[in-house]
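Taking it in order: structure first as structure tokens, then the write-up.
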Amino acid sequence: MTNEQLYKELQKIEHASKGKMTLEVAGTSNDGYPLYVEKFGENDPKKKRVLITSQIHGNEPLTTEAVVELMQKLSTGGNEVSKILDEVTIWFMPRINPDGTMNQYEGKQYPTRYTHQTWDPVSFGLPEGTKAPWYYNSDGSERAQNNNGWVVYGIPGFDQNRDYNPNLDFKVEDFDPETIASFLNSRDNNSNVGGLFVTPEARAVTKVFKELRPDVYLDLHHRGFNRLSEEDSRSVSIQVAAVVADPYTDPFTGKQY
């Protein structure tokens, strides 16, 4: 499903919902694609609030398909749907990496894990030559089932799944440039630290999160193989992973989350 096809489908769902769902744009990707948010209900503190995002990795398309089907179900109405929406507000962001989804390779659509964005420290007020966050993919390459297990499509970008920070108000621009640069150029710039919100996609998702303040947040991924459990190696098509993070200390403020 292309981004244009997704938009047309979302319009159909909004029309079919007869006022139960509103379609809005939360922001734009680095390539300029809209980042849609579909709101089934207002931010009512008397209701439980759920936020669902999907396709944070552009090569995980089944998550968007699943979200579209769920929205179609909610738009049809009926007693079951009415009971749910009377008690629960549900907001969807059905594709939060449209650039990776629409990536091209050898003249064809070739969805990729990463966003499209060349690291430019100067645009964030940092000294030229400052190293990128550790989750930057500088050459536009990733694992593949063809081309000897590797493909280079040549467009740099970030793993958006790593670009989030416990401090929802964090912005690189708000800190002393030398402090940020020193951190990024050090060995501490690794997978043990949080993201820096350098992608417009992560900033848009966080804006919606802050607006809704959900009781439950589901980020859907499309994985090729899951085990039933650590003790049982039978395959299972759906896996629910609830991650409980260890205490995190912000390297710039010392605040714990």
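The values are calculated or read from the model by the stated rules, or taken from the named source; none is laboratory data. All values derive from a computational prediction rather than experimental measurement. Note that each Cβ is placed from the backbone with ideal geometry, even for glycine, and that neighbours are counted across all protein chains shown. In case anyone asks, the SASA skips ligands and DNA or RNA and just uses the protein heavy atoms, side chains included. Shrake-Rupley method; radii C 1.70, N 1.55, O 1.52, S 1.80 Å.
Worth pointing out:
- Value of Rg/Rh across the chain [Cα atoms, Kirkwood radius]: 0.98
- Residue-wise HN-Hα couplings along the range 124-135, as the Karplus relation 6.51 cos²θ - 1.76 cosθ + 1.60 with θ = phi - 60° gives them from phi, are 9, x, 9, x, 4, x, 4, 5, 7, x, 4, 9 Hz; Gly and Pro carry x.
- Spin-label pair residue 110/residue 221, simplified geometry with 7 Å Cα→Cβ offset, distance in nm: 2.4 nm
- Distance histogram for the range 48-135 (every C-alpha pair counted, 10 angstrom bins, percent rounded to whole numbers): 15, 29, 26, 19, 9, 2
- Sequence-distant contacts, meaning Cα pairs under 8 Å at least 6 residues apart, place the relative contact order of the chain at 21 percent.
- Selection of trypsin sites (Lys or Arg not before Pro), the range 123-167, meeting DSSP coil and at most 15 other Cβ within 10 Å: 131
- Residue 43-residue 22 pseudo-label distance in nm [points 7 Å out on the Cα-to-Cβ vector]: 1.2 nm
- Nearest-10 value in Å² for the accessible area of residue 150, using the 1.4 Å probe: 120 Å²
- When you filter the GluC sites (Glu not before Pro) in the range 58-130 for DSSP loop state and at most 12 other Cβ atoms inside 10 Å of their Cβ, you are left with 106, 128.
- Under the criterion of Cα pairs below 8 Å and six or more residues apart, the relative contact order for the range 1-128 equals 28 percent.
- With every protein chain in place, the chain: carbon and sulfur % of accessible area (1.4 Å): 49 percent
- Cα-based Lys proximity count in the range 1-156, under 17 Å, for pairs eight or more positions apart or on separate chains: 22
- Taken per residue, the accessible surface of the range 102-249 reaches 61 Å², heavy atoms only and a 1.4 Å probe.
- Residue 124 accessible area, assembled protein chains, probe 1.4 Å, Å²: 30 Å²
- Gain upon complete extension [residue 118, residue 233; 0.36 nm per residue less C-alpha separation]: 37.4 nm
- When restricted to Cα atoms, the range 126-257 yields an Rg and a Dmax of 17.7, 51 Å, respectively.
- Long-range amide H partners of residue 142 with built H, under 5 Å: 151, 153
- Summing charges over all other residues whose Cβ lies under 15 Å from the Cβ of residue 214, with Lys and Arg as +1 and Asp and Glu as -1, gives +1.
- Qualifying chymotrypsin sites (Phe, Trp or Tyr not before Pro) in the range 197-238, DSSP loop, other Cβ atoms within 10 Å at most 13: 225
- Computed with a 1.4 Å probe over protein heavy atoms only, the accessible area of residue 171 comes to about 90 Å².
- A Förster distance of 30 Å, applied to the separation of the beta-carbon atoms of residue 82 and residue 211, puts the FRET efficiency at 0.75.
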